[in-house]
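Below is one structure, written out as structure tokens, with a few remarks after it.
The values are calculated or read from the model by the stated rules, or taken from the named source; none is laboratory data. This structure is a prediction, so every number in the text was calculated from the model and none was measured. Positions of Cβ are backbone-derived with ideal geometry, glycine not excepted, and every protein chain shown enters the neighbour counts. Accessible surface areas use protein heavy atoms only, side chains included; no ligands, DNA or RNA. Shrake-Rupley method; radii C 1.70, N 1.55, O 1.52, S 1.80 Å.
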Amino acid sequence: MTVKIMSLPDFDKLWNYSNPAETEKKFLALLPAAEQSTDRSYLAQLLTQIARTQGLQNRFDQAHATLNRAEKLLTDDLHLPRIRYLLERGRVFNSSSQPLQALPLFQQAYNLALAENQTRYAIDAIHMLAIADPDRHKQIEHNLKALALVDANPDQRRWLWALYNNLAESYAALHHYQSALTYTLKLFDYQKETGEPDIHTLKDHARFLRLLGHPDQSLAIIQPLFDKLAADHKEDGWIEEELAESLHALDRPTDAHPHFVKAHTLLSADPWVQRHDPAKLNHLAQRAQPLK
């Protein structure tokens, strides 16, 4: 007996990106019914999302194997499943430190999504192109194209958070700190519209002010954030780092030193920093050395 498509739930609504293991369990629970269904599109798309949960858990071989299953289901008429397959295959390559293999997949996904008027996935694909591309200028170009798509499609404004943040980081990497600050402030305004500003957006506001030569203004932002965390008995390596850098820039090395030590301890335990920014850890290790 086949399962009617009406009985198959919208699995995208089950996503919890902060808990991919839990999401994988929910998706796997849907798999038997999807396999019994005659809806190849649903099954292929579900498999791509199972692969994404596996990639987010760094189980890259398993994610590729799941995507191999999805790929076998693809036919010329299944445009959306193909877009999602290309996106997730690219994401697995990029997350496993193979961005050059990811780039053409993201480009194919972008081109196909545009052709099929799948704006959500076109924005996703080009924002992933920006993440995977090693050329900072191209990163900016890709993200600006994504912003233009959002401007033309207001229902996709949720992408503004990622796009503004990524533009700020790309400009910062080029030492264009005023542009980085501009997009951070745009992100701050967007967050105020939709809720409370994120603590790390405030931290970036402080960081770019410091890099523009205003450590006093940076400290005025970052110190209250640190004080609030301390009052709540919480720690954050990124906040510790910016507080230390602001104090150091104000020629207060004694005050800065314990925060450099704490930032190094906390960020050294962060897998993302370990993989993507070892230079930061080296810098913090030097700053954390005993003062002479």
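Numbers at a glance
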item: Enumeration of residues in the range 43-68 that are in contact (Cβ under 8 Å) with a residue 40 or more places away in the chain and either surrounded by fewer than 22 Cβ atoms within 10 Å (Cβ to Cβ) or among the hydroxyl-bearing types (Ser, Thr, Tyr) (or both); result: Thr48
item: First in the range 125-144 and at negative phi and of a type outside the set (A, V, I, L, M, F, W, C), second anywhere and at pLDDT 95 or above and not in a helix (DSSP H, G or I), Cβ under 7 Å, 6 or more apart; result: Arg136/Leu174; Gln139/Asp133; His142/Asp133
item: The one condition in (1) open to solvent by less than 40 Å² (accessible area, probe 1.4 Å); (2) touching a Phe, Trp or Tyr at 6+ places or on another chain (Cβ under 8 Å) that Leu14 fails to fulfil; result: (1)
item: Residue match in the range 58-65 (condition: at pLDDT 95 or above, part of a loop (DSSP other than H, G, I, E, B) and not hydroxyl-bearing (Ser, Thr, Tyr)); result: yes
item: Test result for Glu22, without any contact (Cβ under 8 Å) to a residue 60 or more places away in the chain, under 22 Å from the mean Cα position of the chain (by Cα) and open to solvent by 30 Å² or more (accessible area, probe 1.4 Å); result: yes
item: Restricting the range 69-123 to residues that are outside any helix (DSSP H, G or I) and open to solvent by 40 Å² or more (accessible area, probe 1.4 Å), the residue that is modelled with the lowest pLDDT; result: Ser97
item: Pairs with Cβ under 9 Å, 6+ apart, first in the range 87-98 and in contact (Cβ under 8 Å) with a residue 60 or more places away in the chain, second surrounded by 21 or more Cβ atoms within 10 Å (Cβ to Cβ) and not in a helix (DSSP H, G or I); result: none
item: Some residue of the range 104-115 being farther than 27 Å from Asn153 by Cβ, free of Cβ contacts under 8 Å to residues at least 24 places away in the same chain and among the aliphatic types (A, V, I, L, M); result: no
item: Every residue from the range 239-274 that is within 30 Å of Ser97 (Cβ to Cβ) and either among the hydroxyl-bearing types (Ser, Thr, Tyr) or open to solvent by less than 10 Å² (accessible area, probe 1.4 Å) (or both); result: Ile239, Glu242, Ala244, Phe260, Ala263, Thr265, Leu267, Ser268, Val273
